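The values are calculated or read from the model by the stated rules, or taken from the named source; none is laboratory data. Quantities reported herein were computed from a predicted structural model and do not represent experimental measurements. Every residue, glycine as well, gets a Cβ built from its backbone with ideal geometry; the counts of neighbours run over all protein chains shown. Ligands, DNA and RNA are excluded from the accessible area calculation, which covers all protein heavy atoms including side chains. Shrake-Rupley method; radii C 1.70, N 1.55, O 1.52, S 1.80 Å.
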Amino acid sequence: MIAAEVADAVTQIRERTALVPRVGMVLGSGLGAVAGAVRDAVSFAYAELPGFPLGSVAGHARMLHLGTLAGVPVAVLEGRAHVYEGVEPAALKVPIRTLRALGAESLLLTNAAGSLAADVPPGRLMALTDHINLTAANPLIGPNDDTIGPRFVPMGAAYDPELRAGLHAAARAEGIPLADGVYLAVTGPAFETPAEIRAFRVLGADAVGMSTVPEAIVAVHCGLRVAAISCITNLAEGMSGVLLSHEGTLAAAAAGGHDLARLISRFLEDLPA
Ligand code: HPA
């Protein structure tokens, strides 16, 4: 069923564009600015594409854009569905595998996240070195499609070191501070308690958020090279005395999103052929 949905989505997309993306992207909450920079974009609402899970959160558009960014053919998923919306984690296979089926080799995931590192404050960007999956879910649960990837997928190098080096080179070239860190995923929708954040710090987390990990797992499984960037929108709960809110997250993401857009453009521009 997933394979059929992916095939149908590809057919629909191919009716309108022959563009073969090199890089796929997922834009997180408040980080839609990059989508507006896609040149000669051919765009699809997720609602038009079979099996694409629809998010329901304000601040998340739901569009796929194919076009070029800094001269590189890209497929950009603007907006994502989250586990906290009641979306089955397995449903996230469809958009990610569609990008792969269209020809993407790499996937750049972005998100808004809370920082557990006091020296990485709101407005800063963090390249993910690894993740901790505390969602108690895995999108690959269920039958495995052996034509797509293995039943037991190794996650030892989930975040591609070469792509991350490329992100750091782009950040240096643009004068944008870029931290490294481990992202811990929860389902939400409740933000964390201060005690949870203290526990997550002991576990080795540098950032916390409600997305990205299911997509990274699906992407590694289907052979995409993965890079991910968190836009830090707040210090994690209990670190600043400010109670968290979705509105606050969106506003901070829009501010940090400016650096993110520059970083992504430079990263693509300097991508080795
Ligand atoms: N926790 C979880 N998700 C988030 C946060 C946070 O502090 N900030 C942005 N997304």
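Summary table
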quantity	calculated
Residue in segment 159-166 that is open to solvent by 60 Å² or more (accessible area, probe 1.4 Å), within 27 Å of LEU263 (Cβ to Cβ), among the acidic types (Asp, Glu) and part of a strand (DSSP E or B) present	no
Among the candidates ALA41, ALA47, residue that is without any contact (Cβ under 8 Å) to a residue 24 or more places away in the chain, over 26 Å from GLY149 (Cβ atoms), open to solvent by 30 Å² or more (accessible area, probe 1.4 Å) and not in a loop (DSSP other than H, G, I, E, B)	ALA47
So ARG262, is it at pLDDT below 95, assigned to a helix (DSSP H, G or I), surrounded by 15 or more Cβ atoms within 10 Å (Cβ to Cβ) and more than 11 Å from the ligand (Cβ to nearest atom)	yes
Checking LEU134 against (1) among the aliphatic types (A, V, I, L, M); (2) out of contact with any Lys or Arg (no Cβ under 9 Å at 6 or more places or on another chain); (3) open to solvent by less than 10 Å² (accessible area, probe 1.4 Å), the condition it does not meet	(3)
Members of segment 4-38 found to be open to solvent by 60 Å² or more (accessible area, probe 1.4 Å) and part of a helix (DSSP H, G or I), listed by number	ASP8, THR11, GLN12, ARG14, GLU15, ARG16, ALA33, GLY36
Top-ranked residue of segment 189-218 - restricted to ones that are under 21 Å from LEU27 (Cα atoms) and more than 16 Å from the chain's Cα centre (by Cα), ranked as surrounded by the most Cβ atoms within 10 Å (Cβ to Cβ)	ASP206
Residue list for segment 97-126, restricted to those being away from the ligand (no atom under 16 Å from the Cβ) and out of contact with any Pro (no Cβ under 9 Å at 6 or more places or on another chain)	ARG97, THR98, ARG100, ALA101, SER106, LEU107, LEU108, ASP119
Test: residue in segment 98-118 that is in contact with a His (Cβ under 6 Å, 6 or more places away or on another chain) and not in a helix (DSSP H, G or I)	no
Residue list for segment 58-86, restricted to those being under 24 Å from ALA185 (Cβ atoms), at pLDDT 85 or above and surrounded by fewer than 18 Cβ atoms within 10 Å (Cβ to Cβ)	TYR84, GLU85, GLY86
Subset of segment 225-259 that is more than 14 Å from the ligand (Cβ to nearest atom) and in a helix (DSSP H, G or I) - its residue that is farthest from ASP180 (Cα to Cα)	HIS258
Answer residue from segment 207-224, given it is closer than 13 Å to ILE132 by Cα and in a helix (DSSP H, G or I) and is farthest from the ligand (Cβ to nearest atom) among those	ILE217
